[in-house]
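The values are calculated or read from the model by the stated rules, or taken from the named source; none is laboratory data. Here the structure is a predicted model, which means the values were calculated and not measured. Cβ placement follows ideal geometry from the backbone for every residue including glycine, while neighbour counts extend to all protein chains displayed.
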Amino acid sequence: MVKGKKCEILVINSIAQVGLKRFPAERYAVVKEAKDPLAVLVRSQDLHKFEFGPSLKAVGRAGAGVNNIPVAALSKRGIPVFNAPGANANAVKELVLAGMLIAARNLAPALEFTKKLKMEDLEKHVEDGKKQFAGMELPGHTLGVIGLGKIGSLVADAAIRLGMNVLGHDPHITVEAAWSLPSQVKRAASIDEIFKTSHFVSLHVPLVEKTRHLVNAKNIDHFHTGAVLLNFSREGVVSDEAVAKGLESGRLKWYVTDFPSPALLGNARVIALPHLGASTGEAEDNSAVMVVDQLREYLENGNLQNAVNFPEASMPREAPYRLAIANANVPDMLGRISHALGRRKINIHNMLNKSKGDMAYTLVDADTPVPAGVVEELCALDGVLAVRYLPVDV
């Protein structure tokens, strides 16, 4: 960040003003067009063919999923991609509950029936027709939740409060998520156990190779007969062909999804919503505030929180001269960085090194200013992807 020059933040899509206003106007310029911005803020726009300039230091997604961002390509440049996990959790939870109730009470066909009623003998037609829409109540029925992160945990908790039995499955559950999970949630040993024993199944997993077509032709017949499948996760987590097969066989009574697809449009047993999961004012505000705060903390202090391609890394400033180094997670990287600084007689006041998969990240606080030549030397080290010098105003 150049002293005296405003940092351009390119905003793609509509980002809530409550978040954008957290960029101080004296330091940042929030713009809708820029050839070479310092950072990019996006919601749903596909950036895989976007031309990122050489000055780019970070990308922020005002939401959870980052499928629209070329994360791997940005990682090679040492550029973190931030998201806002949990910021829309309550909004998605409420929509899942709405989906369960719509399916349980057959509300979708009931609404269509009511739209077609004629004024003549209205009361008689209502009384005669309502019998076909008799549904069931949620208490006593079992909800299976696959994926027990923030959203899955909130869904599980809400279902318990409604009197439902809840089964959960998440082989990669974090310690933090486990602590927040209601104790009444019973652990399922496998996805098949969820399918076989649950009246409702709600998916809350990210879309990665291991979760693509998590519901597929091989396991669709394992569902409890007459089950309701709810997908407010990602479109590719469910195979459309498998769902069509499950609905035809009666294994599935309803498929409730936030992702309309050509293969299932028009199916009377599919309740498709137009991607409304995070479409509340509150969720948009929360996501914007969260991602802007994370971007600022990274740009100004080098600290990393909720970067999908980097480790969590945060170190309080104990000296005025800070280096933030993104590097490959390879042996002796830390030693080479320390040696390069030692050769220039730069005393390391404090250092933090964290790794995540192939990526690593190092923060160094120095007691004396770091000359530009040192930054260039560090950039030239094999395995170093990016170096930023972040001195505080002294």
Q) Out of 147, 163, 140, 152, which single residue is under 22 Å from residue 252 (Cα atoms), in contact with a Pro (Cβ under 9 Å, 6 or more places away or on another chain) and assigned by TED's automatic domain parsing to the domain that holds residue 219? A) 147
**Q.** From 23, 50, 113, residue being modelled with pLDDT under 95 and not assigned by TED's automatic domain parsing to the domain that holds residue 329
**A.** 113
**Q.** Scan of the range 320-352 for residues that are more than 13 Å from residue 384 (Cβ to Cβ), buried (at least 17 other Cβ atoms within 10 Å of the Cβ) and in contact (Cβ under 8 Å) with a residue 40 or more places away in the chain, ordered by number
**A.** 321, 322
Q: Hey, can you tell me all the residues within the range 354-366 that are within 21 Å of residue 74 (Cβ to Cβ) and either assigned to a strand (DSSP E or B) or in the same structural domain as residue 76 (by TED's automatic domain parsing) (or both)?
A: 354, 355, 356, 359, 360, 361, 362, 363
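This table checks each residue for (1) buried (at least 16 other Cβ atoms within 10 Å of the Cβ); (2) touching a strand residue (DSSP E or B) at 6+ places or on another chain (Cβ under 9 Å); (3) not small (Gly, Ala, Ser).
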position: 131; (1), (2), (3): no, no, yes
position: 150; (1), (2), (3): yes, no, yes
position: 155; (1), (2), (3): yes, yes, yes
position: 164; (1), (2), (3): yes, yes, yes
position: 168; (1), (2), (3): yes, yes, no
position: 178; (1), (2), (3): no, no, no
position: 181; (1), (2), (3): yes, yes, yes
position: 191; (1), (2), (3): yes, yes, yes
position: 198; (1), (2), (3): yes, yes, no
Q) So, of the residues in the range 325-349 that are among the hydrophobic types (A, V, I, L, M, F, W, C) and touching a helix residue (DSSP H, G or I) at 6+ places or on another chain (Cβ under 8 Å), which turns out to be farthest from residue 81 (Cα to Cα)? A) 346
Q | Residue list for the range 12-40, filter: in contact with a Lys or Arg (Cβ under 8 Å, 6 or more places away or on another chain) and aliphatic (A, V, I, L, M) | A | 12, 15, 29, 38, 39
**Q.** Identity of the residue in the range 1-27, assigned to a helix (DSSP H, G or I) and not aliphatic (A, V, I, L, M), that ends up surrounded by the most Cβ atoms within 10 Å (Cβ to Cβ)
**A.** 19
**Q.** Enumeration of residues in the range 133-152 that are assigned to a loop (DSSP other than H, G, I, E, B) and over 15 Å from residue 86 (Cα atoms)
**A.** 134, 135, 136, 137, 138, 139, 140, 141
Q: Would you mention how many residues in the range 146-195 are touching a helix residue (DSSP H, G or I) at 6+ places or on another chain (Cβ under 7 Å) and of a type in the set (Lys, Arg)?
A: 1
(Q) Please pick out the residue among 279, 287 that is among the hydroxyl-bearing types (Ser, Thr, Tyr), closer than 29 Å to residue 86 by Cβ and surrounded by fewer than 23 Cβ atoms within 10 Å (Cβ to Cβ). (A) 279
Q.
Between 280, 368, which is hydroxyl-bearing (Ser, Thr, Tyr), over 30 Å from residue 259 (Cα atoms) and out of contact with any strand residue (DSSP E or B) (no Cβ under 6 Å at 6 or more places or on another chain)?
A. 368
Q. Which of the residues that make up the range 28-45 are over 18 Å from residue 277 (Cβ atoms), of a type outside the set (Phe, Trp, Tyr) and either surrounded by 14 or more Cβ atoms within 10 Å (Cβ to Cβ) or within 21 Å of the chain's Cα centre (by Cα) (or both)?
A. 29, 30, 34, 37, 38, 39, 40, 41
Q) Do we have residue 130 as part of a helix (DSSP H, G or I) and assigned by TED's automatic domain parsing to the domain that holds residue 252 here? A) no
Q: Give the residues of the range 35-47 that are at pLDDT below 95 and not polar (S, T, N, Q), sorted by residue number.
A: 35, 43
Q) Of these, 53, 65, 78, which one is surrounded by fewer than 22 Cβ atoms within 10 Å (Cβ to Cβ), part of a loop (DSSP other than H, G, I, E, B), in contact (Cβ under 8 Å) with a residue 40 or more places away in the chain and out of contact with any helix residue (DSSP H, G or I) (no Cβ under 7 Å at 6 or more places or on another chain)? A) 65
Q) Looking at the range 153-176, is at least one residue part of a loop (DSSP other than H, G, I, E, B) and more than 28 Å from the chain's Cα centre (by Cα)? A) yes
